[in-house]
1. Give Val391, Val340, Val383 a once-over and let me know the one that is outside any loop (DSSP other than H, G, I, E, B), in contact (Cβ under 8 Å) with a residue 60 or more places away in the chain and of a type in the set (Val, Ile, Thr).
2. For a quick check of your reading of the model, give me the residue pairs whose first member lies in region 165-176 and is under 19 Å from Ile290 (Cβ atoms), whose second is buried (at least 19 other Cβ atoms within 10 Å of the Cβ) and not hydroxyl-bearing (Ser, Thr, Tyr), with beta-carbon atoms closer than 6 Å and at least 6 apart or on different chains.
3. Quick one: which residue in Leu80, Leu119 is out of contact with any Ser or Thr (no Cβ under 9 Å at 6 or more places or on another chain) and of a type in the set (A, V, I, L, M, F, W, C)?
4. Would you check if there is a residue in region 235-249 being crowded, with 17+ Cβ neighbours inside 10 Å, at pLDDT 85 or above and within 30 Å of Arg393 (Cα to Cα)?
5. For region 20-110, please list each of the helices (runs of 4 or more DSSP H) lying entirely inside it that holds at least 2 residues being at pLDDT below 85 and in contact with a Phe, Trp or Tyr (Cβ under 7 Å, 6 or more places away or on another chain).
6. List the number of the failed condition for Ile49; all other conditions in (1) closer than 24 Å to Ser414 by Cα; (2) out of contact with any helix residue (DSSP H, G or I) (no Cβ under 7 Å at 6 or more places or on another chain); (3) touching a residue at least 24 places away in the same chain (Cβ under 8 Å) hold.
7. Return the pairs, sorted by first residue and then second, in which the second residue is at pLDDT below 85 and not in a helix (DSSP H, G or I), the first residue lies in region 242-262 and is on the phi < 0 side of the Ramachandran plot, the beta carbons are less than 7 Å apart, and the residues are 6+ apart or on different chains.
8. For region 292-309, does any single residue satisfy the condition of being surrounded by 21 or more Cβ atoms within 10 Å (Cβ to Cβ) and of a type in the set (D, E, K, R)?
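The values are calculated or read from the model by the stated rules, or taken from the named source; none is laboratory data. Since the structure is predicted, the reported quantities are computational estimates derived from the model, not experimental observations. Cβ atoms come from the backbone with ideal geometry, glycine included; neighbour counts cover every protein chain shown.
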Amino acid sequence: MVHSIEHRRSLNVFMLAMLSLAVVISLRNLPLTAGYGLGSIFFYCAAAIFFMIPYALISAELASGWPKAGGVFVWIREALGERWGFFAIWMQWFHNMTWYPAMLAFIAAGLAQFVDPELAENKEFLLSVIIAGFWGITFLNFLGVKTSALISSICLIIGAIIPGILLVSLAAYWVFSGRELAITLQLKDLIPDLNPKNLVFLSGIFLALSGLEANANLAREVKNPQKNYPRAIFIAAGITLGILILGSLSIALVIPQDSISLISGLLDTFRFFLELYHLRWLLPILVVMIVLGAFGELNAWAIAGIKGLFVTTEHGCLPPLFHKVNRHHTPVNLMFFQAVIVTIAACVFLYLPNVSIAYWLLSALSAQMYLMMYLLLFVSGIVLRYRRPHVKRIYRVPFKNVGIWVIGIVGIASALFALALSFAPPTRYFRLDILPYETLIVGGFLINCAIPLTIYALRKPHWKVDVMKEIREEIHDSMH
């Protein structure tokens, strides 16, 4: 038995690190932090130490003790009850409803380079690409998880790692050539101005470093998980921080802070470098690569989030309407429902003064929902050490109960801090009316929290799936 278990643990440290990296790495948020200049190093490292590493380690322990499908739903249900398990998995899924339009706006900005770069600020163009793009991804995922995963993996390698390395290389050449910089590179600039107005986008950094819990179940697939899983996480975190920090600085070096577009800032930087070095012909190729990278990340989450939420149908948390799957076991009605919500959320681009404000509002709402899930995750890690002490965990957070308390409290404090910051209006970067903005951000948050609690309160006994009946029907269908 021991031999067979060890045989199944076929992942080495490097493989697990790369799989974890693929879930987190994205170039989309680079313009968001470029405005901090050299201070972005401080913010990224702080977010990694106080948030990213704590949630990754607690997720690994929970996944190795409760490896059943469902992830966050199962872990938090075991600790805090089914209501909060459903709330958490809903927030993990629903945060994507505002993240998808922001990501597709980034893709639209890339596509605009082939027609007219000014279209990147055109609301109608962005809305058209968002709606058409997400419905296309929805139908693509009807083909099943395997097809979707293959497409996402290829797109992420082509569109994130390679362009990231190229961006940093171009910026390094710029610096070593002695050219004029848009920021100063003095030691004192490593510690940024911690005025609350300067911390608004910190919640966006937390969002950029989120997602490792999706791969936490892989802790049981690695040899010597107690030692090698945290090692893999530190490697993935190190590479992620390297690319994100250097990528942000690459933009800050050449684009003045007040000229950085949250949507097209990355592409603007590439255009600047390529025109300067007489490599303009490379821009269309690079745009296609970056668009593919964003598409791959979006496509991966489009099905992953739905699969997590779908597990709750077995427990009667969603109406029977959402129980339907196709022959590829894709929850088709949930996918349609998701596409409708994304379409509605995308309309925010039409009603705000400019697309950068809309982009930030959607990103802030996304961060808020994800942070609510993480708060429950940190609490559950602590609770289950006491409520389920005898459950075998292949991986445990080090230093026994003291370790889980320290990691949990640090994670809770950092998530609460980032959550509070997400409500602050970004007045340093945008001119906006505070009251309408706060009405949208606070009202959106409260509504998003109320929806899953209301659905759970209204659940009916007949919503629960008879799993054994479905298995018998599948066996019957396969025999005939």
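1. Numbers: Val391 fails: outside any loop (DSSP other than H, G, I, E, B); Val340 fails: in contact (Cβ under 8 Å) with a residue 60 or more places away in the chain.
Checking each option against the conditions leaves just Val383.
2. Between residues of region 165-176 that are under 19 Å from Ile290 (Cβ atoms) and residues that are buried (at least 19 other Cβ atoms within 10 Å of the Cβ) and not hydroxyl-bearing (Ser, Thr, Tyr), the close pairs are Leu167/Gly247; Val168/Leu246; Leu170/Phe273; Ala171/Leu253.
3. Details: Leu80 fails: out of contact with any Ser or Thr (no Cβ under 9 Å at 6 or more places or on another chain).
Residue meeting the stated conditions: Leu119.
4. Looking through region 235-249, at least one residue is crowded, with 17+ Cβ neighbours inside 10 Å, at pLDDT 85 or above and within 30 Å of Arg393 (Cα to Cα).
5. Here the list reads 30-34.
6. Failed condition: (3).
7. Qualifying pairs under 7 Å: Ile243/Ile25; Gly247/Leu27; Ile251/Ile260; Gln257/Gly35; Ile260/Gly35.
8. Taking every residue of region 292-309 in turn, at least one turns out to be surrounded by 21 or more Cβ atoms within 10 Å (Cβ to Cβ) and of a type in the set (D, E, K, R).
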